[in-house]
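What follows is a short report on a single structure.
The values are calculated or read from the model by the stated rules, or taken from the named source; none is laboratory data. Note that the structure is a prediction, hence the values are computed from the model and not measured. Ideal geometry is used to build each Cβ from the backbone, glycine not excepted, and the neighbour counts take in all protein chains shown.
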């Protein structure tokens, strides 16, 4: 078979397949469009791979592409897969991973910040580059400016970049080692600041409770319920009457509303039951409905900013809503002297390693009830200055 020439390619007009040898062909379509085709065998089957339009891919480049793809096929690989890998940019891979993870996330804000952090700190450096061209040095240059200035953000970005490469490898879009693994010793060790959600000292809670009780707002009642149950903000604000068993004095929070994705039973102390009685009848569904209804005039839970406004109206600052969980935890350790596993179970925290958790099937509910009853008495001032020892 005679080899094609540049002048010969320009001169050809008749539709058909014109061979150059070693499986490379110039295809001329019915409209006169010219393109390159490689015929080769991949995994025992004959395949045709398009190499691009002839006006954009010169003869020499088409021959080199054909040579590379034939070599990949001889070594047992798939040239088409290799080509897709080379065309997949980091930004596109990150978007694909984000789309797959999106249905698994319950927190909308987390879903938004996940992709936003990639777009802010990774994409400007290598977002438009194919994955196989990105090295550990590229990722290092992206992380260095924020590694000490924004350590928590930087660590999250590193983890997310690593997840993109792991996903691409698992999806067959990337065949090399994860370049993030090469940064283990390249970045300095940054000690954690130790900052936590600011919390009200447990000794100040009874006085705060008295001030809170003077407020008539539904937000105040929701905060009381949150404190008495040691719940997270979203769990309390989203509480539904269908989850409450007043007779059994239990709040059954379903798995889909819990951070760990595991259903949680909350024992209700007498003060918590009293709070529920005061809000009974406000809505048939939500326990603490927002004063603002949906466009279809349906009740909805209060926003996550409602407590911040409440604190401002009360003239209180220096602590957060989430910090009341720490207030409870400190009281449980320092005042009630409760066993660690009971206090952690009250917060719906996992304790022990995976093996220990596999054998610890009990949620320590009755022991938690004793602890939460004591907490209710303390928070509302009923316990006075008496220190209750909760070891049940």
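Residue 163 meets each of the listed conditions (1) free of Cβ contacts under 8 Å to residues at least 60 places away in the same chain; (2) outside the structural domain of residue 287 (by TED's automatic domain parsing); (3) part of a helix (DSSP H, G or I) apart from (1). Against the test of being under 17 Å from residue 206 (Cα atoms), free of Cβ contacts under 8 Å to residues at least 12 places away in the same chain and surrounded by fewer than 16 Cβ atoms within 10 Å (Cβ to Cβ), the options 317, 334 yield a single qualifying residue, 317. Within the range 3-34, can you find the residues that are touching a helix residue (DSSP H, G or I) at 6+ places or on another chain (Cβ under 9 Å) and exposed (fewer than 11 other Cβ atoms within 10 Å of the Cβ)? Selection gives 6 alone.
Condition check ((1) in the same structural domain as residue 246 (by TED's automatic domain parsing); (2) over 23 Å from residue 210 (Cα atoms); (3) modelled with pLDDT of 90 or more; (4) part of a loop (DSSP other than H, G, I, E, B)) across all residues:
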| residue | (1), (2), (3), (4) |
| --- | --- |
| 277 | yes, no, yes, no |
| 307 | yes, no, yes, no |
| 313 | yes, no, yes, no |
| 316 | yes, no, yes, yes |
| 328 | yes, no, yes, no |
| 363 | yes, yes, no, yes |
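Checked against (1) within 18 Å of residue 304 (Cα to Cα); (2) at pLDDT below 95; (3) in a helix (DSSP H, G or I), residue 223 meets all criteria but (2). Checking each residue in the range 94-131 for being touching a helix residue (DSSP H, G or I) at 6+ places or on another chain (Cβ under 6 Å), assigned to a helix (DSSP H, G or I) and at pLDDT below 90 picks out 102, 111, 131. The set of residues in the range 37-77 that are in contact with a helix residue (DSSP H, G or I) (Cβ under 7 Å, 6 or more places away or on another chain), surrounded by 14 or more Cβ atoms within 10 Å (Cβ to Cβ) and not in a helix (DSSP H, G or I) comprises 38, 40, 42, 49, 51, 54. Is it the case, given these coordinates, that residue 144 is at pLDDT below 90, surrounded by fewer than 15 Cβ atoms within 10 Å (Cβ to Cβ) and either part of a helix (DSSP H, G or I) or not assigned by TED's automatic domain parsing to the domain that holds residue 258 (or both)? Against the criterion (at pLDDT below 90, surrounded by fewer than 15 Cβ atoms within 10 Å (Cβ to Cβ) and either part of a helix (DSSP H, G or I) or not assigned by TED's automatic domain parsing to the domain that holds residue 258 (or both)), residue 144 does not qualify. Checked against the criterion of being loosely packed, with under 12 Cβ neighbours inside 10 Å and out of contact with any strand residue (DSSP E or B) (no Cβ under 7 Å at 6 or more places or on another chain), the candidates 188, 151 yield just one match: 188.
Of all the criteria given as (1) assigned by TED's automatic domain parsing to the domain that holds residue 138; (2) free of Cβ contacts under 8 Å to residues at least 40 places away in the same chain; (3) exposed (fewer than 12 other Cβ atoms within 10 Å of the Cβ); (4) within 24 Å of residue 176 (Cα to Cα), the one not satisfied by residue 110 is (4). When you check residue 272 against the structure, is it in a loop (DSSP other than H, G, I, E, B) and either touching a helix residue (DSSP H, G or I) at 6+ places or on another chain (Cβ under 6 Å) or more than 24 Å from residue 349 (Cα to Cα) (or both), yes or no? Spelling it out, it is not the case that residue 272 is in a loop (DSSP other than H, G, I, E, B) and either touching a helix residue (DSSP H, G or I) at 6+ places or on another chain (Cβ under 6 Å) or more than 24 Å from residue 349 (Cα to Cα) (or both). Here residue 200 meets the list (1) part of a loop (DSSP other than H, G, I, E, B); (2) more than 21 Å from the chain's Cα centre (by Cα); (3) more than 24 Å from residue 305 (Cβ to Cβ) almost entirely, failing just condition (3).
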